[in-house]
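Visitor: I have a structure here, written as structure tokens, and I will follow up with some questions on it.
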Amino acid sequence: MEPRWKGKGSEAKALADPMSKIVSQLCTSLIQIDALGLLSGCSVLLAVETEQTELLTRACFGRPIITAEKDKQWFQLGLEEAFYLCYSLKCLKIIGEENCHKNDVELWQYMKSKKAVFPDFYKAYSHLRMKNWVVRPGSQRRADVNGRLGVWSDFHCTIRLCGSVAKTLLVLSINKNGHGAISPSCLGDTPLKSTQSLDGVRNKVVRIRQPLKKKPSKM
């Protein structure tokens, strides 16, 4: 599927400064400062300096939070964003209560407890992020993770919404093969000690075009 460029010069700008390069620079920068995220409910808070602020913004991770601190900028990361930076990119460490570091399994269990559909959402999020897509919540963003497309009425409403905002609907299908998601090993990456696995997860992206509207017939 060919990319759809929005705005004059967007393609040239993207080719000159690809997302893969920006994310790589972000990883290096976060590792250099030994970035530390703080679990806070259904999000992770991260304090960074000017360089990381620019890279997080360009890479489209999290959203800035306005505070009284002048020497630091705080970012609020979603659960999928934080776990991707921590587990997949290995450039962020996360702590919980009493400043205790959380390992991958502990983080996975915490995020599942806060968001029941987290495993599915994270699989979709990481799949698209690895393809250098920008995945953010909201229909005005470049991509939106939505787990509610279960019946035709959901598809119909979403397709109509896509038409109103000049977007194309991509459907990501995740086949669990009947297994559970009890640990990060279900992602088919580095196996951890687990009796259940989702190594057979398959991803399928389908492009659905909005049906053409019929012109009213003249009497």
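Every read-out reported here was derived from the displayed coordinates using simple, explicitly stated rules and does not represent laboratory data. As the structure is a computational prediction, the values presented were derived from the model and not from experiment. All Cβ positions, even for glycine, are placed from backbone atoms using ideal geometry, and neighbour counts span all protein chains on display.
Visitor: Kindly rank 78-88, 42-52 from highest to lowest mean number of other beta carbons found within 10 Å of each residue.
Guide: Ranked from most to least packed, the peptides come out as 78-88, 42-52.
Visitor: Expected output is a single nm value to one decimal: the length gained when fully extending between Ser88 and Lys13, i.e. 0.36 nm times separation in residues minus the C-alpha distance. What is it?
Guide: Here the answer is 24.3 nm.
Visitor: Let me ask something additional. Take the Cα pairs of segment 11-114, get the Kirkwood Rh, then feed it into Stokes-Einstein at 37 °C and 0.692 mPa s and tell me D in µm²/s.
Guide: The estimated diffusion coefficient comes to 232 µm²/s.
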